[in-house]
Each structure stands twice: as structure tokens, then as C-alpha cells.
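Data first, discussion second: the structure below is written as C-alpha cells.
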Amino acid sequence: MGMLNKILTLIVLTLLFGTTLKGAEIRFTATEYAGSSFTFYTVPNFLTDKQEIIAEGVVDEKGEFKAEIKVESTIPVYSEFGVYKGWFVADPNVSYELILPPKEEKKSSNPYFKPIPKILGIKNPSPESTNLLVDNFMRQYNFLMNRNMNQIFYRRSIETSEKVVDSLKAKFPETNNLYFEQFKTYKYAYIKYMALIQDPTPVIQEFFVDKPILYHHPEYSELFDKLFTKYLQYATQQVDGQKTSVMLNSGSYDQLLDWLTLDMGFDVPLSEAIILKGIKPLFYSKKFNTVGLFNLLQKITDTSELTIHQTTSNKVFNELARTMYGALAPELSLLDTNGNIVGWENFEGKYVYLCFTRSDNEKFIPHKDLMKEFYQKYKDNLALVIVIEDEDFEKNAEALNATGFEWTVLRGMSRREVYESFNVRIMPTYFLIDPQGRLAGSQAPWPDENFEMQFANILKSAQSE
């Protein structure tokens, strides 16, 4: 099934949830959020950090929202709105009436702005609810950590960290809830990590070596990221780091795997996960041979015994390849102001000047007049596409469309993975895509950075071929 069909199917299911799916229902009433769009998603595989949207919709004029999500196992569900990243833990076939925090608009124009984590309240949870177990645990966890942070983190007191863990274990004995037990385990691991941060080897041995990889568990992934995201990069900076650098640059997968398993004592699944998580920092540092890095990914795709590692490796490979000059541009498939799904096929035969921004971005505002000039001069060959992440999309998109010329305004809030695919780090960020759907460089100049001169040269060169 093509991506367009998948998105259409998702929209239909979202509209028809009450009659087509049986799952965990979400609802809330919050009048101050009337008219706001909400997207709920999970992160089933932290190695890619890709979001899987499971429900989306708009709060009605009464401030009421209702949707049904299908979850097959206990899993965290997230929604980013305003300055918050709200989350709760959804159990299969359970309905939740959420309690939202007071509305507070996000003012940052950086797509990598980190929202405030917020456990969403649940009205009348059942005593065995995973959400209630987690909430009660976190209250005690935060209380003890606030009291002992100085000893654990600043004085590196292993004894204090163990006392805090023992205290939590006494207050929260073992249950039959697997998710909650895993949650507690990696909260305990994090406490010990803070005391052992200068040499976390004991934490790695106790909680990661020969242990299951919890791909969807945020407590596991948070600690994994701190320990291993730049593990390979840091290894190249050690006294004997030249050996590791050679393996990475040459793409010597078998040697790298031997080093991780035999020398460092990691099991094969963990070693593969470390490579998969570490490739991006190596790639974006621009200090390593990309051919060698791509070879490492390809070897995991070809040889891993874990399907999830094969698919992850393939996704990372394609994501990195797309950001290189001449590579096919990442998929678009976003909603426009009329609710239509727009993709590259809508601009067939034209170059596309693509901008990621917010409508109120101070640096973007003066670009609009320059882009109007581009349109008037090159409209037969150039399409202008603006992806905005404004929560009040309809109002701000209408204002943008009232500027007196034709461009396409798309909703960015509903698909955050598009920002990841294009590696958008700041706003505004521009790209130029050629008529064949290829990136004409990793990023394009801003309108006030001689974009017109560059585009004129590209167009002249293409027309002379």
C-alpha cells in the first residue's frame, strides 16, 4: 500500500473510530483548547525515534475531543501541544478521560525545541491501571531524588543511590504488570548511572549486557541514549582510538563487531543496537567516510538475525542517503489548507523551493516579499511550498495565503517525522528540489542569501542540456 493510501486510510479510521476499531478510547473536555489540533503517537522503536501516529483530530467548539486508538500492548502515548509533551501509558481496551494542563503557546521557532514533559492526568483510573502505578511511583521517585540529588549526582555517592533504590523497592514491591516492572528497573538503573556517570561500566553490565532490548520503553531508551549514542564516536578519541576510526572509515563490520563483542564484552544484539544508534552522530560530524558508514548499515541489513535491526538499518540508510546531494527528496505527503494531501507529484515538471518555518518567525517574515518576487519571475519553473508548524494552522495559513501570490501552505504539526527526514534543525530552513524529485544540495540558501542567483544558474544549466 502506498504512503498516500496509508494516510487516507488513517484519516478515514480516525473519523470512523467509533464503528471500525476496538481499542483504548481517549477523550477530554478543555474549552481553552477549542479549535486546536491534537496528534497522538507512539515511538515503537527508539533506534529510529520515528513516531507512529495512532490518532489525530481537532477539538470542537465546545472544547470536546474524542478518538479511539488501537494499542495491542501497554505502551506510552504522546501528544505535543503548546509548550508541553504530554504522555500517559495506554493499556489495551481501556478508555481514558484525560486532564490537560492550562494552555500555553510555544513561542520558540526551533523544531528541536524540547517541550516540557507532562504526565497527563486521568479521571477515575482503575486501581490496577498502569498509568496510576507509574504516577504513584514517579511522585515518590521525584521526592527522593530531590532530597538526595546532591549526594548522588554531585558527590557521586554510590551508597546513597543504592539506599534510594532500596527505599523505592520497599515502597513498590513486585507486581504482575510487566510494563511497570520494566519501568521501575530502568528508573533504578538511572539512579545508579547518575552516581557512576564517570565510569558507568557496572550499569552497562547489570542492565544492558545479555538483557532484552526494550525498543518501545522510554526509560530504557533514555538511559541507552546517554550511554551509547556517541559510544563509537568517543571510542575514536581514546588512546587506542585510531583502530576504531579505521574500522568505521573502512566499513569493516566484522572487525567492529568483534571489538564490541570480544573486547568490550557486549552481546551481538546490543552491539548491533550501538552501531545503529551511533551511525547518525558519526555521519553528521562529517569526520568519517560516509561510504564506510553506509557499508556498516548494509551489513546489518544483510546479516542481522533480528528483523527489527534489519528494518532499522535500512531506514537509517535511506534517511541518511536522502540528505546527500542528488538523492531523492524525502516523502512529503502533508495536508494543505483545503485538507488535501500534497506530495511531490503536485509539482510535476517544476523545481520546488521548500521552506520549514513558523508563520510568526522573525527571520521568515522579511523573506515573504523576496519570495513573491521569485514567484513573479520564475512561476513557470518554480513552485513555493511553505510547511508551517503553527497550532492555529487555519488562521495563520489563511494570513499567509492573503499575501497576493500563489504558494502552497502545508500543515507540519501532524507529521513530525517529516522534519526528521529533512534533518531540519533550525527555522526557517530551505531546500531546493529539482523536477526529478532530487535534492539540489543538502540545504538551499535563504531568499536573502543569493538564492535567486543560484537558482538562475541551475535553471540556465538545466535548459542548456
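Go through 193-200, 53-60 and give me the packing order, highest mean Cβ count within 10 Å leading.
53-60, 193-200
Run the simple label-point estimate for M138 and N150 please: 7 Å along Cα→C-beta, distance reported in nm.
If labels sit at M138 and N150, their model points lie 2.7 nm apart.
Starting from 0.36 nm per residue, how many nanometres of slack lie between E181 and I99 once their C-alpha separation is accounted for?
Using 0.36 nm per residue and subtracting the Cα-Cα distance, I get 27.0 nm.
Give me the number: length gained by fully extending K169 to S464, i.e. 0.36 nm times residue separation minus the C-alpha to C-alpha distance, one decimal in nm.
The span from K169 to S464 would gain 98.9 nm if fully extended.
Could you give the C-alpha radius of gyration of the chain expressed as a fraction of 2.2 N^0.38 Å, taking N as the number of residues it contains?
Expressed relative to 2.2 N^0.38 Å, the Cα Rg reads 1.07.
In nm, to one decimal, how far is the modelled label at S73 from the one at T261, with both set 7 Å along Cα→Cβ?
Result: 2.5 nm between the two label points.
What is the distance, in nm, between label points placed 7 Å from the Cα along the Cα-to-Cβ direction at Q198 and at I426?
Using points 7 Å along Cα→Cβ, the separation is 3.6 nm.
Considering only DSSP states other than H, G, I, E and B, which trypsin sites (Lys or Arg not before Pro) in the range 286-355 qualify as loop sites with at most 14 other Cβ atoms within 10 Å?
When the trypsin sites (Lys or Arg not before Pro) of the range 286-355 are filtered for loop state and at most 14 Cβ neighbours within 10 Å, K286, K287 remain.
Report the full-extension gain for the segment E305 to K211: residue separation times 0.36 nm, less the Cα-Cα distance, to one decimal in nm.
Once the chain is fully extended between E305 and K211, it gains 32.2 nm.
Every number here is computed from the coordinates shown, using simple stated rules; none is lab data. Quick caveat: nothing in here was measured; it's all calculated off a predicted structure. We place every Cβ from the backbone using ideal geometry, glycine too, and count neighbours over all the protein chains shown.
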